[in-house]
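The values are calculated or read from the model by the stated rules, or taken from the named source; none is laboratory data. Please read all numbers here as calculations on a predicted model, not as lab measurements. Methodologically, a virtual Cβ is constructed for each residue, glycine included, from the backbone with ideal geometry; neighbour enumeration extends over all protein chains shown.
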Amino acid sequence: LNATVESSFRYETNPFQFPLKRRFLRQLGTPATFRALNSFQQGQVLNAVGLVGNDDLVFRVLPNVTGGLALTPRTRVFCNYFLIRDSLFHDIRLNTVVQSIAGGVAHDFPISTRGNLLTEFQFRELYQSHQQPVFDFLPTMTFSYLLNPRTALFTSALLQLRGKRYFQAPTREIDPFYTLGTLYQRNGWTFSATGTFVQNFREPFKKNAIVPHNNYSFILDFEVARRLMKQLAGVQAFVRAEPIYNFHSNNLAGLAGTDFRLFWGMRMNAAKPALTAVLEQIRDQIEEEEHEFKPPQAVPRQVKPSAFIMPYELNAQCPAVIHDCLPLRLPEEPVLGDPAQGAIAMKILPEYNLPLPGVDLPSRTVRTYEPKQTRVSLREDDSEGCVVDSVENAVKMKFLPKL
């Protein structure tokens with residue numbers, strides 16, 4: 001379900017689609033021909049000349065509602081209704097109301113991961129004020145390509161087969177439409193540019209055509225839209241410029257000349273996505289997550305420095321990470337005990353007054369070290385000394401100088 005309502009004003013330079021004034025006067029012939037006309041006919045000619053380039057301001061209301069059913073994630077059937085009401089400020093005789101009731105089927109053909117080909121076949125009945133209703137067949141092909149998440153390119157080809165009665169077309173005219181455009185979105189702004197080339201073939205149908213004259217047109221649209229509120233993303237304010245160039249109509253009034261239209265107004269859009277499309281998207285996300293799922297692996301324990309040191313780490317062979325070995329200065333005259341008694345004596349220098357967790361640092365006196373249970377004194381404290389296995393290990397860890 002998709003619903004759009006557009007309310008806008010537009011400034012139009014040539015609402016009657018008349019040719020240029022010099023070309024219009026050239027069709028009148030010589031001045032003698034004009035003088036030969038009676039006063040009523042001359043008034044009609046002057047009134048027609050006055051309509052050339054007669055600009056006007058128009059108020060437009062355009063509701064558009066589309067509802068349908070998704071048969072598959074890529075195939076949909078739908079119906080559509082829209083109404084166009086144009087109210088001119090000055091030439092009210094050009095006020096029009098157009099209503100369309102349509103139905104159709106659409107199918108998507110994905111092309112690569114960024115491209116999509118949309119095919120549609122639509123049939124509609126078009127009701128226009130002051131004109132006879134017409135019936136149209138509308139086969140359409142639209143290719144869109146996503147350059148990046150913000151930019152898209154698209155092109156389409158539409159064939160309008162117009163007839164007089166239901167499902168009897170074409171009996172009035174054949175109108176192909178060729179469109180090329182681009183769309184860019186950023187931070188609530190939307191920029192779009194489209195160009196459409198239209199061909200109207202009516203002469204082969206002669207009297208059955210409403211206007212039995214062929215006509216070609218270039219229609220360009222340049223639009224800038226801005227989202228008004230983040231909470232209502234579908235509400236936009238927009239400005240659109242639309243130049244129109246008519247040709248190949250032999251300067252026929254109503255199908256000739258150039259026209260420039262400048263729109264400004266507001267647009268509101270509300271949509272509900274198809275249920276099957278939502279389910280398919282959820283299914284794809286689940287399959288993608290299952291495909292990318294990997295069982296958790298055991299993370300190896302990282303050794304990090306800590307203020308808490310286990311008791312088995314407090315030994316001279318395995319110093320703690322946060323400490324490092326403490327250097328000692330060799331005294332000038334080390335004092336040795338009796339080797340036969342299995343003892344060694346040594347003077348400790350007074351400047352090594354450094355703390356070490358769990359280490360006894362008594363006064364600077366000569367301490368005796370036993371071979372199997374040796375204590376090291378590094379400062380003037382009365383706590384326990386650091387226990388080492390042997391004198392050789394104490395020398396290797398620099399707690400004792402090598403003698």
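Can you go through PHE154, PHE218, PHE222 and tell me which one is within 25 Å of TRP264 (Cβ to Cβ), among the aromatic types (Phe, Trp, Tyr) and buried (at least 16 other Cβ atoms within 10 Å of the Cβ)?
None of the others qualify; the one that does is PHE154.
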Handout entry: Subset tally (residues that are in contact with a Pro (Cβ under 7 Å, 6 or more places away or on another chain) and in contact (Cβ under 8 Å) with a residue 40 or more places away in the chain) for segment 115-137
Key = 1
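Yes/no matrix, rows are residues, columns are (1) modelled with pLDDT under 90; (2) touching a Pro at 6+ places or on another chain (Cβ under 9 Å); (3) not basic (Lys, Arg):
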site	(1), (2), (3)
ARG10	no, no, no
ARG23	yes, no, no
ARG35	yes, no, no
GLN42	yes, no, yes
ARG76	no, no, no
PHE89	no, no, yes
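Which one is farthest from ALA70 (Cα to Cα), of the residues in segment 102-131 that are of a type in the set (Val, Ile, Thr) and touching a strand residue (DSSP E or B) at 6+ places or on another chain (Cβ under 7 Å)?
ILE111
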Problem - Every residue from segment 194-234 that is among the hydroxyl-bearing types (Ser, Thr, Tyr) and over 22 Å from GLN131 (Cα atoms) - result: THR194, THR196
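So for segment 294-305 (the condition being out of contact with any Asp or Glu (no Cβ under 7 Å at 6 or more places or on another chain), among the hydrophobic types (A, V, I, L, M, F, W, C), exposed (fewer than 14 other Cβ atoms within 10 Å of the Cβ) and at pLDDT 65 or above), does at least one residue qualify? Write out each step before concluding.
Just the residues of segment 294-305 that are out of contact with any Asp or Glu (no Cβ under 7 Å at 6 or more places or on another chain), to begin with: 294-305.
With among the hydrophobic types (A, V, I, L, M, F, W, C) added as a condition, the list becomes 298-299, 303.
Okay, now just the ones that are also exposed (fewer than 14 other Cβ atoms within 10 Å of the Cβ), so 298-299, 303.
Among the residues that remain, those that are also at pLDDT 65 or above are: none.
No: zero hits.
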Fill in the blank from the handout: Within segment 72-95, residues being in contact (Cβ under 8 Å) with a residue 40 or more places away in the chain and surrounded by fewer than 16 Cβ atoms within 10 Å (Cβ to Cβ) number 3
Practice task
Specify the residue that is farthest from VAL235 (Cα to Cα); the eligible residues are those in segment 175-190 that are surrounded by fewer than 15 Cβ atoms within 10 Å (Cβ to Cβ) and of a type outside the set (Ser, Thr, Tyr).
Solution key: PRO176
